[in-house]
Amino acid sequence: FPFLPLHSQILCLVIMLFSTNIVAQSQQDNRTNFSCPSDSPPSCETYVTYIAQSPNFLSLTNISNIFDTNPLSIARASNLEPMDDKLVKDQVLLVPVTCGCTGNRSFANISYEINQGDSFYFVATTSYENLTNWRAVMDLNPVLSPNKLPIGIQVVFPLFCKCPSKNQLDKEIKYLITYVWKPGDNVSLVSDKFGASPEDIMSENNYGQNFTAANNLPVLIPVTRLPVLARSPSDGRKGGIRLPVIIGISLGCTLLVLVLAVLLVYVYCLKMKTLNRSASSAETADKLLSGVSGYVSKPTMYETDAIMEATMNLSEQCKIGESVYKA
């Protein structure tokens, strides 16, 4: 730092030494044994966990690129639909890797292309989320400077992993999944997440019951089968949105059917009432017509003597027209 005053240069140097000491201590605190067991296979297919993070790693495509694999293999292992490329922050994924022995340590060696601003430490802690550490990367790439890397060069990053031993295989443990312990984790929570035995987790990692010292360090999760990871929060929200819509549509259709049924019953009753009224009116009209017809259409015949007597022998007093008399 030639452009800084002397006291500032000393302060920066102290900070760098302090940070390096912290990093070195954190690496030494990893009590999980990633050495190659003598009775394990020379290589195996296993999985490492990865947490989707913004801004660059919220898609299966981008994540698969840094692991030198294909998005479909991650989707299958992570209980995702093949076309679900978009992820949400903090979504947990399972990434398939090939684990084998490099020297006396178990690693999944991944080829990574260096970008502007990359360093061993930066890539190990951000892109690979502490699935490896800068010391392991430096040991595997001794001719490269950890902080001055040529852009575009391919660097091998060794991710910590392990193959099950014969004893574990006899216990039907098929995978030792590499998982980076989070500050809010506990053995019970992690065992439920991966469907693993708490005893197996504690046995495989030398932290006892308190894994506080394992924060941000890779540990091994022994499982008898590949865990079915919970769907992402976005899927939950999608389901939550679809469910009220479905319920609303169902209730709306039911209400519409009920309204239509009531309306049809009302129209039917109204029509029947109108028909009954029409029938009653017709019946009354028929009765009236039949009564009137007794006087209009069926004239009464009288004897001549009765007519003469009623009109006083056709008297002028009874005459009300040319040939009409009242009687």
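Computed values, structure above
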| read-out | value |
| --- | --- |
| Sequence of F122, F160 when ordered by accessible area, the most exposed leading, probe 1.4 angstrom | F122, F160 |
| In order through segment 305-311: 3J(HN,Hα) via Karplus (6.51 cos²θ - 1.76 cosθ + 1.60), integer Hz, x for Gly, Pro | 4, 5, 5, 5, 5, 6, 9 |
| Residue order for Y266, Y47, Y325, Y128 - accessible surface, 1.4 angstrom probe, largest first | Y266, Y325, Y47, Y128 |
| Segment 93-219 - charge dipole about Cα centre, Lys and Arg +1 at Cβ, Asp and Glu -1, debye rounded to 20 | 220 |
| Sequence-separation-based contact order of segment 69-189, relative, with Cα cut under 8 Å and 6+ spacing, percent | 23 |
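The values are calculated or read from the model by the stated rules, or taken from the named source; none is laboratory data. Keep in mind that this is a model prediction, so the values were computed, not measured. Neighbour counts are summed over all protein chains in view; Cβ atoms, including those assigned to glycine, are modelled from backbone coordinates with ideal geometry. Side chains included, ligands, DNA and RNA excluded: accessible areas come from the protein's heavy atoms. Shrake-Rupley method; radii C 1.70, N 1.55, O 1.52, S 1.80 Å.
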